[in-house]
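Encoded as structure tokens, the structure appears first; notes follow it.
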Amino acid sequence: MPEYLYRRTHGIVGLLRRLIEDGLTKAMESGLENLTIDLLDEIAINLGNVPGKDGIRDAEAGEIPRRGHCPTAEDESSPEDPEGPERAQHGSRRPRHTSGGRGMTLRPLPRSLDPLEDETFVGFTLRLARHNGTTPEQVAARLGLMDGLGETPGAVSPWLLVDMDKPRLARAARAANLTVAETDKLLLAPIGHRYGLVSRRYRPWTSPRQLDRPNRWILVRTSQYCPSCLAGDGSPQEALNGGAWRRSWRLPVVFACVRHRQLLHRVCPACRTPGQFARAGMIARPGMEELHPAQCRSPSFPGSDGIRLSVCGTDLSRVGPACIPEDADSFKALLALQGRLDELLATNGPQNISSCGRLVPVA
């Protein structure tokens, strides 16, 4: 809704006030008593009581925004594009005002962020939504992730978590004020040279149709999580928007966080739903603006009175440690095993490993 109101009014307070007033009046008269985008689309902004030529403003002169018009970078004068996105303090980025070129008519997001280490596209979208004060659905639309998904409005294909075609990747990078290389690192496919099951070389095994089937070696629709990682590192940006939902948590061979010395969680302790599970698309409840990136977006578990809330909302960054083996030596061995697997998955890890007395590629 905030981005829609800005598009309709160009951020002019007087136009915004008139649109809201007329919208509320229409909502009460129609009996809906709910202010929606569809309802506001039916309203033409009329400033007949504002001083101007013959008592009204001149729409042809641009004094009243066109309904449904979304200003592009070409609508504004802007300095020459720098080599890379401008960075503000604490990992936030200022938007670049560039001409999008053919097929790129969406303007970059007003505010952006630096991607965190090993962050997924899902987690980055959730953090961007909070940073911009809008919904994940609006951010996904601005990033160009919702093209051709008319069957399920507001849904983003889970396949885009793994890989994207180059034109879509370039559009998303521009809208998020990132480089294409930075955006590519938010996908699972680039780690395919270390974990072959998500490699671009092995299509159609990594095709959308194949990923719709049960796959034990990659978690497409759910994610494990470490509460301490989701809480962030204490920096201002991570304190506000949370830490990273990591790509490695989507790999079943990753089961522990060596840094925080704890096993990963698989479900929300309140509703027992797998982490980041979405029945349709890539993000559950994409139209909800008020949820923090670390909060559970699944339906709540019915209470003793049988009432189920629309969303669980449990803060997964505050969940206690997962159950660990009572035997300290066993737990130490598990962490050592995970540390070895992390070394093999690392970008700068060994290219080959000994298996049955022979050296074989890691992937």
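Details
- Checking each residue in segment 1-29 for being modelled with pLDDT of 75 or more and of a type in the set (Gly, Ala, Ser) picks out Gly23, Ala27.
- Residues of segment 307-328 satisfying the condition of being touching a residue at least 40 places away in the same chain (Cβ under 8 Å) and of a type in the set (A, V, I, L, M): Leu316, Val319, Ala322, Ile324
- Tally, over segment 216-243, of residues that are crowded, with 16+ Cβ neighbours inside 10 Å and of a type in the set (Asp, Glu): 1
- Output for segment 143-157, where each listed residue is crowded, with 19+ Cβ neighbours inside 10 Å, modelled with pLDDT under 90 and either not small (Gly, Ala, Ser) or not assigned by TED's automatic domain parsing to the domain that holds Ile218 (or both): Leu145, Met146, Val156
- Looking across segment 11-34, the residues that are farther than 15 Å from Met1 by Cα and assigned to a helix (DSSP H, G or I) come down to Val13, Gly14, Leu15, Arg18, Glu21, Asp22, Thr25, Lys26, Ala27, Met28, Glu29, Ser30.
- Restricting segment 277-330 to residues that are in a loop (DSSP other than H, G, I, E, B) and of a type in the set (S, T, N, Q), the residue that is modelled with the lowest pLDDT is Ser304.
- Criterion: within 29 Å of Leu160 (Cα to Cα) and touching a Phe, Trp or Tyr at 6+ places or on another chain (Cβ under 7 Å) - qualifying residue of Leu291, Leu264: Leu264
- Residue list for segment 117-140, filter: buried (at least 24 other Cβ atoms within 10 Å of the Cβ) and more than 13 Å from Pro293 (Cα to Cα): Val139, Ala140
- Residues within segment 213-270 that are out of contact with any His (no Cβ under 8 Å at 6 or more places or on another chain), closer than 20 Å to Leu335 by Cα and not in a loop (DSSP other than H, G, I, E, B), tallied: 11
- Inter-residue pairs, beta-carbon under 8 Å, first without any contact (Cβ under 8 Å) to a residue 60 or more places away in the chain and in segment 329-355, second aliphatic (A, V, I, L, M) and loosely packed, with under 14 Cβ neighbours inside 10 Å, 6+ apart: Asn352/Leu359; Asn352/Val360; Ile353/Leu359; Ile353/Val360; Ser354/Val360
The values are calculated or read from the model by the stated rules, or taken from the named source; none is laboratory data. Fair warning: this is a prediction, and the values are worked out from it, not measured in the lab. Here Cβ is always computed from backbone atoms with ideal geometry, including for glycine, and neighbour counts include all displayed protein chains.
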